[in-house]
Every structure is written in C-alpha cells, then in structure tokens.
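Single-structure report; data block below.
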Amino acid sequence: MSVRVSEAERAALLQELDPPVVGPAYRRVVKIAAWVVLAIITLQILAAAMSASQESLGTAFGFTVVFCYVGLALLAIAMQRSVVTIDEHGLRQTWIMRREVAWEDVQYVKFIPFPLGKRLMIFHRGRFTTLQAGSQAVEIAFARIALVYRRR
C-alpha cells in the first residue's frame, strides 16, 4: 500500500511542525534501565570471575563473555546519545548506524504507541525504518506525520 503525499500537503505538514523538531530517541527511564541492566551484568561477571578457578573458565568462554559485554555497553552508549531530527529534508535518527529517510522516499507511515516510547515505522523503497521518540515534541511530530499519511 503506497500512499503518496503531494508537495502541498508535505509543505503544510512541515509548516505545522515548524522544523527542525529535535529530541532524544529514547525516554530517560529506558536509558536508565539499560545502564542498570549493564551494571547488574557487570556485578554478575565479576562475582563469577572471583569465585571460579582459572582452570574452569575456558578461553573461548571468556572471550565470548567479554565480546557480549562490550556489545551491550555499545548499545547502551548508542541509546544514550541517539537523537531524532525531523526537518525539511526528512527524518533522521542517530544510532550505531544512522537511520535516514528523505520525504520523497516515504511511501507509508505507521505510528506505534508503545508504553515506554512511541515509534514511527516508515515504509520506503521496499523496506522499512523504525524511529523512536523519547520526548513529547517528537511524539507529537510522529503523530502528525502519521495523520497526514493516513488521510489518503
């Protein structure tokens, strides 16, 4: 299902949004939860390392644990720094890899109101990109965008 919005409708939407709309991608409670989980895992790893003998811990197992831990730490850092920007060029979210969709490529939009953060699923060029909203300004912008693309 492809919904194309005219230039006039997009211009009216942008005027209503008064871009740029900028805000965090994740709510504060989600960011705090990520760091708490990482801290608990840190304590568990340290407790296991202190109580286990060196012979019982295999090298491959140790590298796997360190690799997974570093991956989780990188995800927590990316969540902390992630920012959503909506402007006249399109929608962007910084993340480990940048998510970016130009207005011209947007085919269909779905607003998903999860309890811990609203999401905007954007269908474009045969695939979809999901952006998160961590502030009320971004949530309102997502809802307005979804309404414009649903009117067709």
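The values are calculated or read from the model by the stated rules, or taken from the named source; none is laboratory data. Treat the numbers as computed from the prediction; the structure is a model and nothing was measured. All Cβ positions, even for glycine, are placed from backbone atoms using ideal geometry, and neighbour counts span all protein chains on display. The protein model used for the area step is the full one, side chains on, heavy atoms only, and it has no ligands, DNA or RNA in it. Shrake-Rupley method; radii C 1.70, N 1.55, O 1.52, S 1.80 Å.
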Against the definition (in a strand (DSSP E or B), β-branched (V, I, T) and more than 15 Å from R144 (Cα to Cα)), how does V65 come out, yes or no?
no
Which pairs have Cβ atoms under 6 Å, sit 6 or more apart or on different chains, and link a residue in the range 77-89 that is farther than 27 Å from E16 by Cα to one that is among the hydrophobic types (A, V, I, L, M, F, W, C)?
A78/W95; A78/I96; M79/A34
Restricting to the range 100-118, and then to whatever is over 16 Å from the mean Cα position of the chain (by Cα) and not in a strand (DSSP E or B), can you tell me which residue is nearest to L14 (Cα to Cα)?
W103
Give the residue, chosen from A8, A78, A33, A47, that is touching a Ser or Thr at 6+ places or on another chain (Cβ under 9 Å) and either over 30 Å from R125 (Cα atoms) or part of a helix (DSSP H, G or I) (or both).
A78
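When you go through M121, M97 one by one, which is the residue that is open to solvent by 70 Å² or more (accessible area, probe 1.4 Å), within 16 Å of the chain's Cα centre (by Cα) and assigned by the TED database to the domain that holds Q15?
Details: M121 fails: open to solvent by 70 Å² or more (accessible area, probe 1.4 Å).
The unique qualifying residue is M97.
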Test result for A34, out of contact with any Asp or Glu (no Cβ under 8 Å at 6 or more places or on another chain), under 30 Å from L72 (Cβ atoms), exposed (fewer than 13 other Cβ atoms within 10 Å of the Cβ) and not assigned by the TED database to the domain that holds I140:
no
Surrounded by 12 or more Cβ atoms within 10 Å (Cβ to Cβ), among the aliphatic types (A, V, I, L, M) and at negative phi: does that describe I45?
yes
Is it fair to say V22 is over 16 Å from the mean Cα position of the chain (by Cα), within 22 Å of F128 (Cα to Cα) and of a type in the set (V, I, T)?
no
Taking first residues from the range 124-145 that are outside any helix (DSSP H, G or I) and second residues anywhere that are among the polar types (S, T, N, Q) and surrounded by 21 or more Cβ atoms within 10 Å (Cβ to Cβ), the pairs with Cβ under 6 Å that are 6 or more apart or on different chains are L131/Q93
Where residues in the range 52-77 are open to solvent by less than 70 Å² (accessible area, probe 1.4 Å) and more than 30 Å from T94 (Cβ to Cβ), which of them is modelled with the highest pLDDT?
G62
